[in-house]
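Student: Let me give you the structure first, and then I'll get to my questions.
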Amino acid sequence: MSFSSLLQVSKWIKTADVPHLEHAVYMGRASYMAGRAAWNDDVRGFLQTVPNIAASIDEFHSAVEAGDAGAVNKHLASDRRLISSRDQHGRTALHKAAQLGSTAIVETLLNGDLTLAEALARAADKVNDT
């Protein structure tokens with residue numbers, strides 16, 4: 001799924017599409033839901049949890065930026081979806097850890113998301129084959 005636009009988020013609120021709304025929050029689009037109202041009880045309940053989810057994502061990304069492997073592991077133990085979460089600028093924790101040279105955190109993130117690790121291995125194989 002690509003990044004969510006404000007228009008898409010509005011549509012998902014109207015159609016009570018909580019899974020897409022949840023994905024949008026993890027993709028850094030929590031601000032699109034701030035102050036929004038919904039007719040559907042499930043969506044209304046979800047919208048109330050958005051600030052807590054966004055805070056958890058922010059704390060996780062802050063732990064990555066600080067190079068705090070213990071805090072990163074603690075966050076991942078409580079919510080594995082944080083591995084692929086993005087900040088409001090679209091950056092993943094893996095982007096940040098790699099940029100900062102935090103090898104231990106990069107390994108933790110790759111080992112925690114085998115689909116990502118497999119994709120990177122396939123990309124490396126393609127580069128080595130050319």
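The values are calculated or read from the model by the stated rules, or taken from the named source; none is laboratory data. In this text, all values refer to a predicted model and were calculated from it rather than measured experimentally. Using ideal geometry, Cβ is built from the backbone for each residue, glycine included, and neighbour counts are taken over all protein chains shown.
Student: Please state which of the following conditions residue 28 fails to meet, knowing it meets all the rest: (1) farther than 14 Å from residue 92 by Cα; (2) not in a helix (DSSP H, G or I).
Tutor: Unmet condition: (1).
Student: From the list 64, 50, 43, which residue is under 13 Å from residue 112 (Cβ atoms) and at pLDDT 95 or above?
Tutor: The match here is 64.
Student: Pairs needed: first member in the stretch 3-24, touching a residue at least 40 places away in the same chain (Cβ under 8 Å); second member anywhere, surrounded by 13 or more Cβ atoms within 10 Å (Cβ to Cβ); C-beta distance under 7 Å; at least 6 residues apart or different chains.
Tutor: 3/27
Student: Something else about it: Please enumerate the residues belonging to the stretch 31-50 that are outside any loop (DSSP other than H, G, I, E, B) and either without any contact (Cβ under 8 Å) to a residue 40 or more places away in the chain or touching a strand residue (DSSP E or B) at 6+ places or on another chain (Cβ under 9 Å) (or both). Steps first, please.
Tutor: Applying the first criterion (outside any loop (DSSP other than H, G, I, E, B)) to the stretch 31-50 yields 31-33, 41-50.
Once the filter is applied, which keeps residues that are outside any loop (DSSP other than H, G, I, E, B) and either without any contact (Cβ under 8 Å) to a residue 40 or more places away in the chain or touching a strand residue (DSSP E or B) at 6+ places or on another chain (Cβ under 9 Å) (or both), the stretch 31-50 yields 32, 33, 41, 42, 43, 44, 45, 46, 47, 48, 49, 50.
Student: Of the residues that sit in the stretch 71-99 and are touching a residue at least 24 places away in the same chain (Cβ under 8 Å) and touching a Lys or Arg at 6+ places or on another chain (Cβ under 9 Å), which one is nearest to residue 31 (Cα to Cα)?
Tutor: Only one residue fits best here, namely 88.
Student: Collect the residues in the stretch 15-25 that are outside any loop (DSSP other than H, G, I, E, B) and small (Gly, Ala, Ser), keeping them in residue-number order.
Tutor: 24, the sole residue that qualifies.
Student: Only residues that are of a type in the set (Ser, Thr, Tyr) and within 17 Å of residue 94 (Cβ to Cβ): list them for the stretch 31-70, please.
Tutor: Selection gives 62 alone.
Student: Within the bounds of the stretch 52-59, is there any residue that is touching a residue at least 24 places away in the same chain (Cβ under 8 Å), touching a Phe, Trp or Tyr at 6+ places or on another chain (Cβ under 9 Å), loosely packed, with under 13 Cβ neighbours inside 10 Å and on the phi < 0 side of the Ramachandran plot?
Tutor: no
Student: Determine which single condition residue 102 fails, assuming it passes every other condition in (1) buried (at least 17 other Cβ atoms within 10 Å of the Cβ); (2) in contact with a Gly (Cβ under 8 Å, 6 or more places away or on another chain); (3) small (Gly, Ala, Ser); (4) within 19 Å of residue 26 (Cα to Cα).
Tutor: Going through (1) buried (at least 17 other Cβ atoms within 10 Å of the Cβ); (2) in contact with a Gly (Cβ under 8 Å, 6 or more places away or on another chain); (3) small (Gly, Ala, Ser); (4) within 19 Å of residue 26 (Cα to Cα) one by one, residue 102 breaks only (4).
Student: Exactly one condition in (1) within 22 Å of residue 4 (Cβ to Cβ); (2) in contact with a helix residue (DSSP H, G or I) (Cβ under 8 Å, 6 or more places away or on another chain); (3) at pLDDT below 95 is not met by residue 89; state its number.
Tutor: Going through (1) within 22 Å of residue 4 (Cβ to Cβ); (2) in contact with a helix residue (DSSP H, G or I) (Cβ under 8 Å, 6 or more places away or on another chain); (3) at pLDDT below 95 one by one, residue 89 breaks only (2).
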